[in-house]
């Protein structure tokens, strides 16, 4: 059966024997891979937060932070489709080593320049673009490598754990970055990411190629570049889940802009509050990651419900009258964000056959993270024009509306398929 057949995902699930969610952890390569995923994600997101905070300090403008967020993620929309083809052609481990080396060099350069006192906002913007291009290649390579690390038998739990750890790192990174910036400044945060990047490089080297499982034949030729588009186009339910991730990226995943603005303009607790907000969000993220790993496959209804609850929790957080209640709601926001992101990414990866998974993820990740770019600009503009609480209220409401619209379209699509 062709991998492009609508039945391919079901066939893949049928071929996989049922295993416990922690089964892949028995493999040394996978333990290294999981540590690499968490550490690398934490470092990159710490770098992003440090860049955003530095821009705020240099300009005093939330809108300028929105531009920084956009520059970090917009390159993924351009490079993403090509990076998927690269991932399906070249060895993932080698691509990741190159990308991680670039990330380390960027972090060392920013740390030195920032410490010298001569850094400008344009230097930070340039770093944002370079990090965005590198992440566009590294992300799909890391997501797809899991198939070679564990093989088909443990694929479902391995993908779920990987996505949970990656998203947890994305929450823990800003939390750690906030603490480092509060105590030692943004240059120290960049230096910390350089150290974490070196650890990741060591883990990648430690993955033993001889224990990797043979992957499907690599894609050949330029004509395969559009295969990912065609694959998603022919599967409306998959397309809608990817669209929902992009919409939530735009309307809900705006932590750097929103939390920085709340710390500066609402609660007046500065970088210490910024770090605290990211920390409690990471606590919620840990709960969401564990919940997603234990629940397994939520199905399309569960994914849409998690998206709606994420938007609702943001809206409620925006209305909290005290710092304590706002902080508590950030835990809920972090939990709902991880529950949605982990279950959605797992569903998308399992739907795609191994030989095309790189190109599918190279469309999914840019839409999700490209949504961050649009969302950063939107949140920055709303905050500047209408105030911090209004900005978070509007984006939370838009996230709920997106979940409702995608849920309706999924329901209508299932009715048509049944008819």
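Based on alpha-carbon atoms only, what is the radius of gyration of segment 61-102 relative to the globular estimate 2.2 N^0.38 Å?
Relative to the rule-of-thumb radius for its length, segment 61-102 sits at 1.53.
Please rank 343, 37, fewest neighbouring Cβ atoms within 10 Å first, as an exposure proxy. Walk me through the numbers on the way to the answer.
Numbers: 343 28, 37 25.
Least crowded to most crowded, the residues run 37, 343.
Any chance you could give the angle, 0 to 90 degrees and rounded to 10, that helix 323-351 forms with the longest Cα principal axis of the chain?
20
Could you tell me how far the Cα centroid of segment 244-309 sits from the Cα centroid of segment 67-92, in Å?
Between the Cα centres of segment 67-92 and segment 244-309 lies a distance of 23 Å.
Need one number: nm distance between label points at residue 417 and residue 89, each 7 Å from Cα along Cα→Cβ, rounded to one decimal.
Between residue 417 and residue 89, the label points sit 3.3 nm apart.
Tell me the angle of helix 28-59 to the major Cα principal axis of the chain, expressed in degrees between 0 and 90 and rounded to the nearest ten.
Approximately 30 degrees, to the nearest 10.
Sort 124, 78 so the one with the fewest other Cβ atoms within 10 Å of its own Cβ comes first.
The most exposed by this proxy come first: 78, 124.
Which one of 339, 238, 295 has the biggest mean-square fluctuation once the chain is modelled by GNM with Cα springs under 10 Å?
Result for the chain, Cα springs under 10 Å: 295 fluctuates most.
Rounded to the nearest 10 degrees, what's the angle between the helix 357-386 long axis and the longest principal axis of the chain, both from Cα atoms, 0 to 90?
20
Give me the mean projected area, in nm² to one decimal, of the convex hull enclosing the Cα positions of segment 229-313.
Values: hull surface 27.2 nm².
Average of the hull's projected areas for segment 229-313 equals 6.8 nm².
If each of residue 404 and residue 82 carries a label point 7 Å out from its Cα toward its Cβ, how far apart are those two points in nm?
4.1
Fewest to most neighbouring Cβ within 10 Å: what's the order for 121, 333?
Fewest-to-most Cβ neighbours within 10 Å comes out as 121, 333.
Per DSSP H run of n ≥ 4, the term is -39500 (n - 2.57); total these for the chain, divide by its residue number, and report the mean residue ellipticity at 222 nm rounded to 500 deg cm²/dmol.
-28500 deg cm²/dmol
Taken together, the values in this text are just the output of simple stated rules run on the coordinates, not laboratory data. From a predicted model like this one, the values you see are computed outputs, not experimental measurements. Quick reminder, even Gly has a Cβ in these numbers, built from the backbone with ideal geometry, and neighbours come from all protein chains shown.
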